[in-house]
């Protein structure tokens, strides 16, 4: 055997060994490759590009995976080169066999030290020299990591990326470490594209790729360069930035089919003579979505109709290959368009997804509509309607007299063309009021189907004579808002009786229109509020709770009696309750006297019975009104069912004799003390503290027996308070944000829908809830479904449920954007305090009961960001809910701040409400928490602590509760080691009092009362706690803001080595911040803060707690520093 034969046999054996080696590795890496075809963003679902990849392409990807596997086998980022690759591995990685990769440690250290002083151009020459003979990317990456990297240690160590690989092999010109670092992570396709258009040096490449040119459009851009469509660097720079577009976010490269589809279309466009700039523009818009089959089909269709393709392609761009052929046939065959310029006007039509309306198209053509007119109507042609005849009917009506719409005008129609069921009634009403110009008809389109079409004519009867110089849009806006309210007769009666003469006056009338025609007539005629100013003064200043009434029928004697009492008391919150009590009492008395209607009587007997019954009803109604007249002054305008449902006047008198002193005791901060309550007592306590008898009876036994906790204090029967009244009016010409208020009006229905599907189908519960809303929403309307989810989680909390019921009751006012300032304040309290408190109690358990699939779906639909380190489905969902609440709160605060700013103070004089504050621990005063909706309203552990009591505020004129605060009496060593300090928190006026009085006077009155108690009992100090993010200061946002601004913001730091000034019974000039722990709830039960703010010091100087001998203690050294 000669030498040649031996060499050939060795080569054959080597090839067999390499094939076996490669096959083994390919089998190993096959399990790591994704199954099936790669996702593509460049082709349509019906194209050849969607077919499986070619065998050669698949094999190439497997070889790439094999080399990647070998790279990570031989190189470790922590330890460097693990071992020198053997001959087979070198062959797989295309590394020359004579290239040495492994050096002793001393040599590697020497090279690294030398690299610190090596210029970049020398290091680059070394890199090119070492990498020159390596024929694969992964091989060069391994060589770079083993040999070359240490030569670049003068700057940050480089990472061998595809971009750096290209730079080392092709870039020209001088190099620097800064240039290499700026280019190492650039997109390879963008680099190659820039290189191919003449940017050859590293400096040019770095300058050209600085900024936004880093998106995944690189493969498409390089293709356009290869095909000669993009020829200059300036054209590359003009490419828009789409970094990581959504359609490419899950892939790193495009398949060969993608390139084939794109190249086929681009080359065909070049052959057609389409300008390069037009081709570039077509490829830039959104997802390229190259569909060669669709493209050829559309081209054949256009050529068959002799349409010049070049100008059309330049006008419509990618629609030439994305719009279906049926859409082009519609334009060519039905609309009879035969010119490229005419077709170019229909880009919106070609891009739409809805089916075109052929009947409407024929109707337009029959009327002789020009191509320009058809183009103006293309959006109507694509309108998605249930009845295809509706747009045709709309065209027939408004294109003829008296409206005479042109094609351009008809192109703006939307609502009229969707449903024609009541269109004739609506348009006839407009015609009767001479509103026939196209601009006027279109202005009223928003009113169509927003309310009953039959209401339009009477509303126009009111508005048109008072239109003045108002535009059609202004007139339509008033009609829209009035129609959303629904009380058309109220608008007509109010305008007539008040003698309104202008549209601005009608705008202001909408605030009271939700009261209904009967109540408006009663107020204007019976109560002599005969001018719009007097009526609005009453509404904004003396009508608390009036929007919650539903008195839309003619008023009877019971209704007038209740309204008269409420008018005198300026409070309407109990009107509906009182009327219901009167009707129930009268019915019970009649039933007790006559029993059920007898059966078996003839017509004459029945008529006699009915006549007698009617007389008894009238007698008993008068008797009920007489009894109610005696009860109302004692109860502060609230009726007791148990007092009215009596068998005789004597029994009524007996019950009144019991209730009258009971209410007096309760309004004095006292009341029953026995462990058990009579029904009448529970009803009385519930009445005074605005809760339910059931709540009182449930908690009563747990709150009795604590009166002795205040026995050591000297307390007055009551402490006078004065809160200055404020009056707020909606600024003339200002309008509240109807869109956001309408979202609040929809909230009860949204919550009801979510709750109906919560357990059965989370998919249905999440309908309307979209992640994009969370990211893009700039107002409450955009977050309505997110807020509904939060309210659904808090459902069952009586305060949340109460707010939802109230919004349902005042729905008409919310839809019309006509609510008083008080409602905005209550909404702010709900968002800031009520909802978070309820979620803290109820959300966790409800979320915990969800399955993983439901929880995952809810988290995804919320779209709230969840940190990556949050593990577990339950924890992630809790985090998403917290982020959603924060987003809702932030957005709502901005909106409500703007809305409150539209209500300036007017007539801010010195009128005051005189109140009585009572420090008490009588069992009944525990329920003061219910009236102001504290989160601790059921926390009896706090109540059982001797340090805790309530400061309850009553309005003696209205005989109702006006507010409350919590008092804590305890020794704070940081203030005084012996004498107790009085700590006051939770300053909460009742909602209607908070909105009608100056907040600063409310806060000062609470603090002054605490100072009086402290001074009378020689206490060490009066202080309030830091908020700690737990609403410890107040549930009312305005009160919190005032305390933060006027007290916390001015406070100084309390240091132990200087003297705190003693005001000798007066308030400190500046509050002093004391570092001292305080439990805002029960001890150990949460609400812990680390600081107190002292606002008053007792006259006697405190002694330091550190002195060992009390008799030798020296005067303490305290002071306040900024």
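The values are calculated or read from the model by the stated rules, or taken from the named source; none is laboratory data. Everything quoted here is computed from the prediction, not taken from an experiment. Counting neighbours? That spans all protein chains shown, and the Cβs are built from the backbone with ideal geometry, glycine included.
Taken over region 266-291, residues that are closer than 30 Å to residue 60 by Cα and modelled with pLDDT of 90 or more amount to 3.
Given the condition in a helix (DSSP H, G or I), within 30 Å of residue 262 (Cβ to Cβ) and at pLDDT 90 or above, answer yes or no: does some residue in region 370-382 qualify? Yes; the residues of region 370-382 include at least one that is in a helix (DSSP H, G or I), within 30 Å of residue 262 (Cβ to Cβ) and at pLDDT 90 or above.
Residues in region 995-1037 that are modelled with pLDDT of 90 or more, under 30 Å from the mean Cα position of the chain (by Cα) and part of a helix (DSSP H, G or I): 999 alone. Scanning for something buried (at least 21 other Cβ atoms within 10 Å of the Cβ), in contact with a strand residue (DSSP E or B) (Cβ under 6 Å, 6 or more places away or on another chain) and assigned to a loop (DSSP other than H, G, I, E, B), does region 949-959 turn up at least one residue? For region 949-959, residues buried (at least 21 other Cβ atoms within 10 Å of the Cβ), in contact with a strand residue (DSSP E or B) (Cβ under 6 Å, 6 or more places away or on another chain) and assigned to a loop (DSSP other than H, G, I, E, B): absent.
Look at residue 934 and say whether it is part of a loop (DSSP other than H, G, I, E, B) and in contact with a strand residue (DSSP E or B) (Cβ under 7 Å, 6 or more places away or on another chain). Explain how you work it out, then say what you get.
Values: part of a loop (DSSP other than H, G, I, E, B): yes; in contact with a strand residue (DSSP E or B) (Cβ under 7 Å, 6 or more places away or on another chain): yes.
Answer is yes for this residue.
If you check residue 348 against the conditions, is it surrounded by fewer than 21 Cβ atoms within 10 Å (Cβ to Cβ), under 39 Å from the mean Cα position of the chain (by Cα) and either on the phi > 0 side of the Ramachandran plot or in a helix (DSSP H, G or I) (or both)? Criteria met by residue 348.
Among the residues of region 388-403, those that are surrounded by fewer than 18 Cβ atoms within 10 Å (Cβ to Cβ), part of a loop (DSSP other than H, G, I, E, B) and touching a residue at least 12 places away in the same chain (Cβ under 8 Å) comprise 388, 402. I'd like to check something: does region 575-595 contain any residue that is surrounded by fewer than 12 Cβ atoms within 10 Å (Cβ to Cβ), without any contact (Cβ under 8 Å) to a residue 12 or more places away in the chain and more than 19 Å from residue 638 (Cα to Cα)? Yes, some residue in region 575-595 is surrounded by fewer than 12 Cβ atoms within 10 Å (Cβ to Cβ), without any contact (Cβ under 8 Å) to a residue 12 or more places away in the chain and more than 19 Å from residue 638 (Cα to Cα).
Is it true that residue 477 is without any contact (Cβ under 8 Å) to a residue 12 or more places away in the chain, assigned to a helix (DSSP H, G or I) and surrounded by 18 or more Cβ atoms within 10 Å (Cβ to Cβ)? Give the derivation first.
Details: without any contact (Cβ under 8 Å) to a residue 12 or more places away in the chain: yes; assigned to a helix (DSSP H, G or I): yes; surrounded by 18 or more Cβ atoms within 10 Å (Cβ to Cβ): yes.
The answer is yes for residue 477.
Looking at 143, 107, just one residue is part of a helix (DSSP H, G or I) and loosely packed, with under 15 Cβ neighbours inside 10 Å, and that residue is 107.
Checking each residue of region 1047-1067 against the condition of being at pLDDT 85 or above, farther than 23 Å from residue 930 by Cβ and part of a helix (DSSP H, G or I) gives at least one match.
Annotation: residue 385 fulfils all but one of (1) exposed (fewer than 13 other Cβ atoms within 10 Å of the Cβ); (2) more than 30 Å from residue 304 (Cα to Cα); the unmet one is (1).
Annotation: residue 974 fulfils all but one of (1) buried (at least 18 other Cβ atoms within 10 Å of the Cβ); (2) in a helix (DSSP H, G or I); the unmet one is (2). Looking only at region 292-320, residues that are under 40 Å from the mean Cα position of the chain (by Cα) and either part of a helix (DSSP H, G or I) or at pLDDT 90 or above (or both) come to 2 in all.
Each residue in region 901-920 was checked for being at pLDDT 90 or above and surrounded by fewer than 15 Cβ atoms within 10 Å (Cβ to Cβ), and 2 pass.
Quick one: is residue 529 in the same structural domain as residue 437 (by TED's automatic domain parsing), outside any helix (DSSP H, G or I) and without any contact (Cβ under 8 Å) to a residue 40 or more places away in the chain? Spell out how you get there, then give the answer.
Numbers: in the same structural domain as residue 437 (by TED's automatic domain parsing): yes; outside any helix (DSSP H, G or I): yes; without any contact (Cβ under 8 Å) to a residue 40 or more places away in the chain: yes.
Spelling it out, residue 529 is indeed in the same structural domain as residue 437 (by TED's automatic domain parsing), outside any helix (DSSP H, G or I) and without any contact (Cβ under 8 Å) to a residue 40 or more places away in the chain.
Counting only helices (runs of 4 or more DSSP H) that sit completely within region 624-701, those holding 2 or more residues that are more than 48 Å from the chain's Cα centre (by Cα) and outside the structural domain of residue 920 (by TED's automatic domain parsing) correspond to 649-666. Contact map, region 702-725: residues that are in a loop (DSSP other than H, G, I, E, B) paired with residues that are surrounded by 13 or more Cβ atoms within 10 Å (Cβ to Cβ), Cβ distance under 6 Å, separation 6+ or inter-chain. Pairs shown: 704/923; 706/921; 713/1017; 714/1016; 714/1017; 715/919; 718/916; 718/918.
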